[in-house]
Amino acid sequence: MSLYGKEFKLSGVAGLKNAAEMRKFDSGATRNVDTDKIDPEGFLSPEVETRFFEYMQEHRLQADGTLRDSDNWQRGIPTSAYMKSMWRHFLDVWRIYRGLKPVYSKDIEDALCALKFNVNGFLLEALKRKRQAIPVFDAQKRVDNEKQRLRELYNEGAFPTQRKENNE
C-alpha cells in the first residue's frame, strides 16, 4: 500500500489474501477489500478532533487584538519553539495526572490540545525538512548559537561574578 510515496506493509491482517479478493454488499455492489488501505475514520475520533478545533478557534485571537488565520502555523514555526511549548504543556498534563494544578493551561483538555498543536506543528516542520533533505535537528548550530548568546551576555557584564571583578 502506498500513501504520499511511502509504502506500508500490513502483516497479519485478517482477511487480506490478495488484491483480487472482493467484498459484496447486501445491495449487490462490490468493492475490493479495504484491509490494505489506511483508515482515517478509524484512526481519529470526531469528539477529540472537535474539541481540538474548538481549542484552536479559542486561540486565534492574538495579543494585539487581531485574528490570526487558522492555518497561520503552517507558514513555519521553529522546532525549538514547538519543543519548549510541548514541554510546558506536557508538564501541565503530568501535573494534572499527579493531582496537581496546571501552571500553563486552564485544565487537562486545554493542556492536551496545546500539546497536540505543538506535536502537529513539530511533525509538519519535520516533514517539510524531510522533503527538502534538511536535518530536523542541528545540534551543532544550537551549541554555536548558545555560545554566541553567552559571549554577548559576558560582553554586556551580565554575570554577577563579572560585575564583582569589575568593581574591585
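A short reminder: the numbers here are calculations on the coordinates, not readings from a lab. All values derive from a computational prediction rather than experimental measurement. Virtual Cβ from ideal backbone geometry, glycine too; neighbours counted across all protein chains shown.
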Quiz item: Of Tyr82, Tyr55, Tyr154, how do they rank once you tally other Cβ atoms within 10 Å and put the fewest first?
Solution: Tyr154, Tyr55, Tyr82
Quiz item: Modelled label-to-label distance, Ala133 and Glu41, 7 Å Cα→beta-carbon offset: nm?
Solution: 4.0 nm
Self-check item: FRET efficiency for Val93 and Leu153, using Cβ-Cβ distance with R0 set to 35 Å, rounded to 0.05
Solution: 0.60
Practice problem: Under 20 Å Cα to Cα from Lys84, which aspartates and glutamates show up? Leave out anything in the same chain fewer than 8 places away. | Solution: Asp92, Asp107, Glu109, Asp110, Glu125, Asp138, Asp144, Glu146
Exercise. Could you list Arg95, Arg142 in order of exposure, starting from the residue whose Cβ has the fewest other Cβ atoms within 10 Å?
Key: Arg142, Arg95
Exercise. For Arg60 and Ser80, calculate 0.36 nm times their separation in residues minus their Cα-Cα distance, and state this gained length in nm to one decimal.
Key: 5.1 nm
Quiz item: Fewest first, what order do Thr66, Thr35 take by the number of other Cβ atoms within 10 Å?
Solution: Thr66, Thr35
